[in-house]
There are 2 protein chains.
Amino acid sequence: MMSSQAAVVDRMGGRLSIAGLGPGDHALITPEVVQALAEATDVVGYIPYVARVAPREGLTLHPSDNREELSRARAALTLAAAGKRVVVVSSGDPGVFAMASAVFEAMEGRPDWQALDVRVLPGITAMLAAAARAGAPLGHDFCTINLSDNLKPWSLIEMRLRAAIGADMAMAFYNPRSTSRPHTFEQVLQLLRETCEPDRLVLFARAVSTPQERLQCVSLSQATPDMADMRTLVIVGSSTTRRVGRFVYTPRSVAA
Amino acid sequence: MMSSQAAVVDRMGGRLSIAGLGPGDHALITPEVVQALAEATDVVGYIPYVARVAPREGLTLHPSDNREELSRARAALTLAAAGKRVVVVSSGDPGVFAMASAVFEAMEGRPDWQALDVRVLPGITAMLAAAARAGAPLGHDFCTINLSDNLKPWSLIEMRLRAAIGADMAMAFYNPRSTSRPHTFEQVLQLLRETCEPDRLVLFARAVSTPQERLQCVSLSQATPDMADMRTLVIVGSSTTRRVGRFVYTPRSVAA
């Protein structure tokens, strides 16, 4: 088994695929990603995402902790350079606040790693899964903002929020709230209350497509910080976003 | 055959699924969408998207022309209300400048249609497929803007562009250019040249994942209107977006 596995690796050559597992449901994983996982010798990623990959003979799982993105990326590139077929897994889409940027950052100054066979395999990102469940709140122009201030200053987040609100775009917020920074999202809600009308629609979509899924759509005046946690994707509508029946959507047109 | 098909429809009840076919490659269609198409009695959509669905006995295809979104949505709702299992197909994701908003608009004032079993099935939208092919240009905060002025005034597009540029977000442009409005994209490039540095990276991603795929990444000073057409998705990087080897990505962090 080991020798036939080694022969496969040798024939196919090393490769690094940075793959999106989608929001949770198997039915939302693309066949392209399923195929990459079936051919992989090594799967690398944050613990809960690696746990979504079924173990099998010939596949080594490399789960690692949160906030280890750059060292995880280097480990994956090292394995690929050694001839392994590596899949780095992210939840959602790997290119949206996930592992793809970390892998390219890790390539800086390493022409050997830049020459590897590296592919990004897109996935259903959280905002699209959340929007689909609620209706079509992202049916017109929108902004996608990571509210975590781990890797950028709060002043930049605030400037981007004000720009998006000023231009009346819908907004999708990733990482709205964590136990290590419980106050950021309070500040965001405060800023929204100062700048938007009180009946602006706010969608809290938690763990969409998993057994823990919970959807809440409220007006801004009713929104509270505790409606969001680490697993919640928040969508704030534009001024035109509205309800129809049990759905929420943003119309395609804006009057001149 | 007809009667067994009718019995299936009756047992399962009418349903409307608004499904995303992804950018083109079959390997990028989710199993959820494949399943919905397998169970459908009727498929409704713009001609080239319906052409992507394989004909089979018991399935009626309803292709319609561009700019017929609202009447197409009404036709689909009428079929679902009559007990059919209808799939409205969009390219990419149905919630991003596609059919989902049109269906919800068509429900306005129609409580009977609002009560139907309607689901949105997400797909890989063009900007995520384009970003994946190029690297990770959307790895940090970004805006998604439809450049068509069919349904909104140019002044609004311009305001949103200026807001996104001012807040230094990457931008993904849908429908950058069409034969009916060849000058819009020239105006956009002109605005970018007035407000951004000349080496800002611009990605032109045409028909990603199809045989017609073509990727070009150039600096703003080299970008010309003819690099985009109806099938092109344009991504403009933020000031931090950079090349590494043959890839382009936006780093995850911004210095305080």
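The values are calculated or read from the model by the stated rules, or taken from the named source; none is laboratory data. Keep in mind that this is a model prediction, so the values were computed, not measured. Cβ coordinates were reconstructed from backbone atoms using ideal geometry, including for glycine residues, and neighbour counts include every protein chain displayed.
Structure values in brief
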quantity: Candidate set from segment B:108-132 (those that are in contact with a helix residue (DSSP H, G or I) (Cβ under 6 Å, 6 or more places away or on another chain) and surrounded by fewer than 24 Cβ atoms within 10 Å (Cβ to Cβ)); member that is farthest from residue A:127 (Cα to Cα); calculated: B:113
quantity: Lone unmet requirement of (1) under 21 Å from residue A:178 (Cβ atoms); (2) outside any helix (DSSP H, G or I); (3) in contact with a His (Cβ under 8 Å, 6 or more places away or on another chain) for residue A:43; calculated: (1)
quantity: Filter pass, residue A:208 being surrounded by 18 or more Cβ atoms within 10 Å (Cβ to Cβ), closer than 24 Å to residue A:95 by Cβ and more than 10 Å from chain B (Cβ to nearest Cβ); calculated: no
quantity: From the options A:243, A:214, A:193, residue that is among the charged types (D, E, K, R), within 14 Å of another protein chain (Cβ to nearest Cβ) and surrounded by fewer than 23 Cβ atoms within 10 Å (Cβ to Cβ); calculated: A:243
quantity: Inter-residue pairs, beta-carbon under 8 Å, first surrounded by fewer than 16 Cβ atoms within 10 Å (Cβ to Cβ) and in segment A:220-232, second in a helix (DSSP H, G or I), 6+ apart; calculated: A:221/A:193; A:224/A:189
quantity: Residues located in segment A:143-155, provided they are more than 7 Å from chain B (Cβ to nearest Cβ), touching a residue at least 40 places away in the same chain (Cβ under 8 Å) and in contact with a helix residue (DSSP H, G or I) (Cβ under 7 Å, 6 or more places away or on another chain); calculated: A:147
quantity: Scan of segment A:87-142 for residues that are of a type in the set (Asp, Glu) and within 7 Å of chain B (Cβ to nearest Cβ), ordered by number; calculated: A:93, A:105, A:108, A:141
quantity: Filter result for the condition that a residue is within 25 Å of residue A:147 (Cα to Cα), among the polar types (S, T, N, Q) and modelled with pLDDT of 95 or more, over A:125, A:60; calculated: A:125
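For (1) under 13 Å from residue A:138 (Cβ atoms); (2) in contact (Cβ under 8 Å) with a residue 24 or more places away in the chain, each residue gets a yes or a no:
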site: B:87; (1), (2): no, yes
site: B:98; (1), (2): yes, yes
site: B:102; (1), (2): no, yes
site: B:105; (1), (2): no, yes
site: B:108; (1), (2): no, no
site: B:112; (1), (2): no, yes
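Each row is one residue, and each column tells you yes or no for (1) under 19 Å from residue B:232 (Cα atoms); (2) in contact with a strand residue (DSSP E or B) (Cβ under 7 Å, 6 or more places away or on another chain); (3) at pLDDT 95 or above.
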residue: B:160; (1), (2), (3): no, yes, yes
residue: B:171; (1), (2), (3): yes, yes, yes
residue: B:189; (1), (2), (3): yes, no, yes
residue: B:194; (1), (2), (3): no, no, yes
